[in-house]
Amino acid sequence: MGGVALLASRAGHQVTGADQHTYPPMSTLLESEGITLHDGYSAEPMYDPPDLVIVGNALSRGNPAVEYVLNQRLNYTSGPRWLGENYLRGRKVLAVAGTHGKTTTSSMLAWILEYAGLNPGFLIGGVPLNFNVSAREGADYFVVEADEYDTAFFDKRSKFVHYRPQVAILSNLEYDHADIFPDLAAIETQFHHLVRTIPGNGTIISNGADANLERVISRGCWSNLQRFSLDGKHDWQVEMIKADASELRFSYQQKALGTLTWEHYGRHNAMNACTALAAAVAVGVSAGTALEALSLFRGVKRRMETIAQARDINVYDDFAHHPTAIRLTLEGLRRKVGNARILVALEPRSNTMRAGVHAHELGPALMAADHVWLKTGEGIDWDPKVALAPLEGRFKIVTRVDDMLQQIKNSLIPGDHVVFMSNGGFEAAPRRLAEFLLNP
């Protein structure tokens, strides 16, 4: 919604917004654009009726702002529909879908197109460091992070059905969003709705090693289908020359395309790079140009973002909130740092994690860490000690961020890597530890 606000503002509209508990980087981006942000959902900002209210999918019936919009019969729509009708129509849209990696892959793809001189527009659920904005208008091409979450309280289809892409990446598919979807089959149905919107002369780039996506494709596919995999036998292949994935080799239909040496690591980023490369080639960018661009890719804020390197200690801020993403991120870091200690502070904040849907997967996902602090709180109705039992005592359960930070500070030794994982603000814990290290 913040990205939609930025696009609307840059199109010349007067934009105000309302949200609760906003935090950087989006809050600072909105402020820098001169967009007035109201805290909370009072109807008061709409007493002078706006021309249009764009309703985010976090709001439901009973919310005072929503009730005011309906009672006053104000003109309203959803963010995805507004985007599809006002920005994406007539453009060459490249959509990145999947349970994991959407933000990073979208950022890679936008940067490749930028490096190739195509001046893409984009709307991404994070802030790519190569651009330092999460959304911009651009020219003919538009990269959109295609979320499977529902559109709005009045439109329960996934957001991505509004985007109608020419090229779609289907990175992976797992069960998530337990507050919206009853089971995996329901999510697969939404993904097939996306497949149905892609034209016959469009391209789908799908993970050939993902059985869930293969089931989606088996329901029907009418577009140019290209599969990718890691060290597999599909159309697009990526091979990790180095175990930490800091050096990669790519090929298409067994034909070598080139290698990539970059500052990123992990199996997940190898796959992300492969899909971004494939999507860029699908719209005419040469593989060589794409690989050059990826070598200069700087990453995304809050996606294993290094926010401090001081006293021989590294601090990272990461958005991971699903066991698979947590596991892949930590395994990638382990391959990079060898025997150095990895300390993890985790806040299970997503609705799915808080409900305990993946609680049994959490301990195994954290096995690469040397010690874990898990912040619990209201809404956690599962036993964290049972969930983390596979760590065999290498964890602490805390209810206050202040206590967690103090314990981490007391345990630090030179060479440590401290990873904060949350899809929320985490009470600015990563920044607070960084300030402690930088200003002792």
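The values are calculated or read from the model by the stated rules, or taken from the named source; none is laboratory data. None of the values given here were measured: they were computed from a predicted structure. Here the Cβ positions follow ideal geometry from the backbone for every residue, glycine too, while neighbour counts run over all protein chains shown. The accessibility values were calculated without ligands, DNA or RNA, using every heavy atom of the protein model including side chains. Shrake-Rupley method; radii C 1.70, N 1.55, O 1.52, S 1.80 Å.
Would you check the chain for Lys pairs whose C-alpha atoms are within less than 18 Å, ignoring same-chain pairs closer than 8 in sequence, and give me the count?
Summing the qualifying lysine pairs gives 10.
Which order do you get for CYS221, CYS274 if you rank them by accessible area with a 1.4 Å probe, largest at the top? Before the final figure, lay out the partial values.
Numbers: CYS221 45, CYS274 0 Å².
From most accessible down to least: CYS221, CYS274.
Run the quick spin-label model on ALA428 and ARG61: label points 7 Å from Cα toward the beta carbon, then report their separation in nm to one decimal.
Label-label distance for ALA428 and ARG61, simple model: 4.0 nm.
If packing is taken as the average number of other Cβ atoms within 10 Å across a peptide's residues, how do 415-426, 302-313 rank, most packed first?
Values: 415-426: 21.2, 302-313: 17.7.
Result, highest mean first: 415-426, 302-313.
For ALA355 and THR22, what does the FRET efficiency come to when R0 = 30 Å and r is the distance between their Cβ atoms, rounded to the nearest 0.05? It would help to have the intermediate numbers written out before the result.
Working: r = 24 Å, r/R0 = 0.80.
Efficiency at R0 = 30 Å is approximately 0.80.
Determine which residues of region 155-178 fall in the zone a paramagnetic label at ASP381 would reach in this model, i.e. backbone nitrogen under 18 Å from the point 7 Å along Cα→Cβ.
The answer is 177-178, whose backbone nitrogens lie closer than 18 Å to the label point.
Mind giving me the nanometre distance, one decimal, between the label points for LYS242 and ASN224, set 7 Å out from Cα along Cα→Cβ?
Spacing of the two 7 Å Cα→Cβ label points: 3.4 nm.
Could you work out how far apart the two model spin labels at ARG249 and ASP183 are, taking each label as a point 7 Å from the Cα in the direction of the beta carbon, and quote it in nm?
The answer from the label model is 4.4 nm.
At 0.36 nm per residue, minus the direct Cα-Cα distance, what do ASN86 and PHE154 gain on full extension? Give it in nm, one decimal, please. List each step's numbers first, then the result.
Numbers: separation 68, 0.36 × 68 = 24.48 nm, distance 1.95 nm.
Roughly 22.5 nm would be gained on extension.
Could you sort ASP147, ASP39, ASP383, ASP317 by their accessible area in this structure, using a 1.4 Å probe and putting the largest first? If you can, show how the numbers build up before the last one.
On the way: ASP147 35, ASP39 130, ASP383 80, ASP317 10 Å².
Most to least solvent-accessible, the answer reads ASP39, ASP383, ASP147, ASP317.
Mind grabbing the accessible area of SER295 for me, 1.4 Å probe, Å², rounded to tens?
50
Residues of region 102-244: accessible area per residue at 1.4 Å, in Å²?
Per residue, region 102-244 has an accessible area of 36 Å².
When mean projected area of the Cα convex hull in nm² is calculated directly from the model, which label among (1) 20.8; (2) 22.5; (3) 24.9 fits?
It is the one labelled (1).
What is the gain in length, in nm to one decimal, between ARG394 and GLU44 on full extension, counting 0.36 nm per residue of separation less the C-alpha to C-alpha distance?
Details: separation 350, 0.36 × 350 = 126.00 nm, distance 4.94 nm.
Extending this stretch completely gives an extra 121.1 nm.
Report the net charge of residues surrounding ALA146, where surrounding means a beta-carbon distance below 10 angstrom and charges are Lys +1, Arg +1, Asp -1, Glu -1.
Details: positive: LYS102, LYS159; negative: GLU145, ASP147, GLU148.
Around ALA146, the surrounding residues sum to -1.
When only DSSP loop residues count, what chymotrypsin sites (Phe, Trp or Tyr not before Pro) in region 121-214 have their Cβ near at most 15 other Cβ atoms within 10 Å?
Numbers: sites: PHE122, PHE131, TYR141, PHE142, TYR149, PHE153, PHE154, PHE160, TYR163, TYR175, PHE191; in loops: PHE131, TYR149, PHE153, PHE154, TYR163, TYR175.
Filter output for region 121-214: PHE154.
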